Ligand code: TRP
């Protein structure tokens, strides 16, 4: 007899877990630094357009496919459209593997900065500490990087062993609101700093003159990354969803929360960078360390009770990362469980170990191994870490997402998608026709034309 599929335990369970997956290092670590790289304003605007016009409709598409089929991505695509579509799911499993490879390394950093902050809180924050060079030295310490990411991998595997249901849900319900509250507090403090005006102008004033096509691809790619789209994570989470939850309301909630948190983080960090002398130069030397270079300064010099909040903040970032790595590993593991008949414990162990091998290579590619750190396949993206990030978010996720739009918009019947979206749980304002227009035309055309523009106008791959 078939065992009935696990489900979220409460009404908001899905929304919480999906928000936990979406909100992570993409918002707190990556978005601020790619915004910096891409010169703010215009990039942020294009990103927001991608979120609304491409991200939201695809979020709804993935969740509906999951909820309808009650299967993980490979099986879900086969069941929703046809046997040949299984490879769209497989493409997603591969993307998950690549993302986990480097994401776990950054997640490991949060653990170390938690420990560092505890030290600063109890022993005082050294006035002359050079947070920029400290960070560069830290990531180049290969054995430390491996140990930190090993701890994080084990934590991720630990949660996956126990299954999604109550574990993830219970944790996210408490931690996500706490993270939101602490960010609000930081936002208020940051806005009182002298550089706040310059920061807001940098982020929100669109200056298109310096925009490159590659920047547009990056905005699109990041819209997929930050919302956990394009690889079936939301299909998988949707497959544990019960019919009481509305696909529409939960998609919109997740998208709004995710966007707010990314913008908060960026305003906070840029306000510090523009206020503290010398910070701009330090950050420019290793942009990828922004979260770890700018934030400590804010806590220990400006924020009221900052020395209490600093360690708490890095714990919350670590948990935000954990609720994201869980969703990535769950996609890979659920494939082996659902499609290959492997048991959960065995699948978790094997998939966890396999991704950890890739993580070790990434951990060594930040200065500790010159071979792994130095090669440059893609101009401006030197080293394995940056290369994998570029490939996964700018290419794998948008292409995966493109086929998901085709599946939901053109290959599934209108009746089947309408039954999931416009059911009795849907909010009154929702117009199914509008979603259908976006998923059939706007989203696929936007994704395809941005990818084509980058390829054919040989946009600088920087
Ligand atoms: N969205 C997460 C973040 O912003 C990362 C993530 C989790 C993800 N699951 C994913 C990205 C699935 C792409 C696909 O940190």
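The values are calculated or read from the model by the stated rules, or taken from the named source; none is laboratory data. What you see is a predicted model, and the numbers here were worked out from it, not measured in a lab. No Cβ is skipped: glycine too gets one built from the backbone with ideal geometry, and neighbour counts run over all protein chains shown.
Being more than 30 Å from residue 399 (Cβ to Cβ) and either touching a strand residue (DSSP E or B) at 6+ places or on another chain (Cβ under 9 Å) or surrounded by 15 or more Cβ atoms within 10 Å (Cβ to Cβ) (or both) is true for just one of 220, 179, 227. Which residue is that? Quick ask: steps written out before the conclusion?
Details: 220 fails: more than 30 Å from residue 399 (Cβ to Cβ); 227 fails: more than 30 Å from residue 399 (Cβ to Cβ).
When all the criteria are applied, what remains is 179.
For every residue, the table says whether it meets (1) within 16 Å of the ligand (Cβ to nearest atom); (2) surrounded by fewer than 20 Cβ atoms within 10 Å (Cβ to Cβ); (3) in contact (Cβ under 8 Å) with a residue 12 or more places away in the chain.
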| residue | (1), (2), (3) |
| --- | --- |
| 340 | no, yes, no |
| 346 | no, yes, no |
| 359 | yes, no, yes |
| 364 | no, no, yes |
| 371 | no, yes, no |
| 409 | no, no, yes |
| 417 | no, no, yes |
| 442 | no, yes, yes |
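I need the helices (runs of 4 or more DSSP H) fully contained in the stretch 230-311, keeping only those with at least 1 residues that are away from the ligand (no atom under 16 Å from the Cβ) and buried (at least 18 other Cβ atoms within 10 Å of the Cβ).
Filter on the stretch 230-311 gives 247-275, 279-285, 290-301.
Between residues in the stretch 8-33 that are closer than 18 Å to residue 237 by Cβ and more than 14 Å from the ligand (Cβ to nearest atom) and residues that are modelled with pLDDT of 90 or more and in a helix (DSSP H, G or I), which pairs lie under 6 Å by C-beta distance while being six or more apart or on different chains?
14/250; 15/250; 15/253
Determine whether residue 85 is part of a helix (DSSP H, G or I), farther than 21 Å from residue 260 by Cα and away from the ligand (no atom under 16 Å from the Cβ).
Considered against the rule, which asks whether it is part of a helix (DSSP H, G or I), farther than 21 Å from residue 260 by Cα and away from the ligand (no atom under 16 Å from the Cβ), residue 85 comes out as yes.
Going by what's in this entry, would residue 11 be described as over 13 Å from residue 258 (Cβ atoms), in a loop (DSSP other than H, G, I, E, B), at pLDDT below 95 and out of contact with any helix residue (DSSP H, G or I) (no Cβ under 8 Å at 6 or more places or on another chain)?
The answer is yes for residue 11.
Out of the stretch 70-82, which residues are surrounded by fewer than 21 Cβ atoms within 10 Å (Cβ to Cβ), assigned to a helix (DSSP H, G or I) and in contact (Cβ under 8 Å) with a residue 24 or more places away in the chain?
75 - this is the single residue of the stretch 70-82 that is surrounded by fewer than 21 Cβ atoms within 10 Å (Cβ to Cβ), assigned to a helix (DSSP H, G or I) and in contact (Cβ under 8 Å) with a residue 24 or more places away in the chain.
Would you confirm, using the coordinates I've provided, whether residue 42 is at pLDDT below 95, away from the ligand (no atom under 16 Å from the Cβ), over 16 Å from residue 236 (Cβ atoms) and part of a helix (DSSP H, G or I)?
yes
Out of all the residues in the stretch 91-140, which are surrounded by fewer than 17 Cβ atoms within 10 Å (Cβ to Cβ) and within 16 Å of the ligand (Cβ to nearest atom)?
If the condition is that a residue be surrounded by fewer than 17 Cβ atoms within 10 Å (Cβ to Cβ) and within 16 Å of the ligand (Cβ to nearest atom), then 94 is the only one that fits.
For the stretch 137-153, does any single residue satisfy the condition of being in contact with a helix residue (DSSP H, G or I) (Cβ under 9 Å, 6 or more places away or on another chain) and not in a helix (DSSP H, G or I)?
Checked against the condition, which is being in contact with a helix residue (DSSP H, G or I) (Cβ under 9 Å, 6 or more places away or on another chain) and not in a helix (DSSP H, G or I), the stretch 137-153 yields at least one hit.
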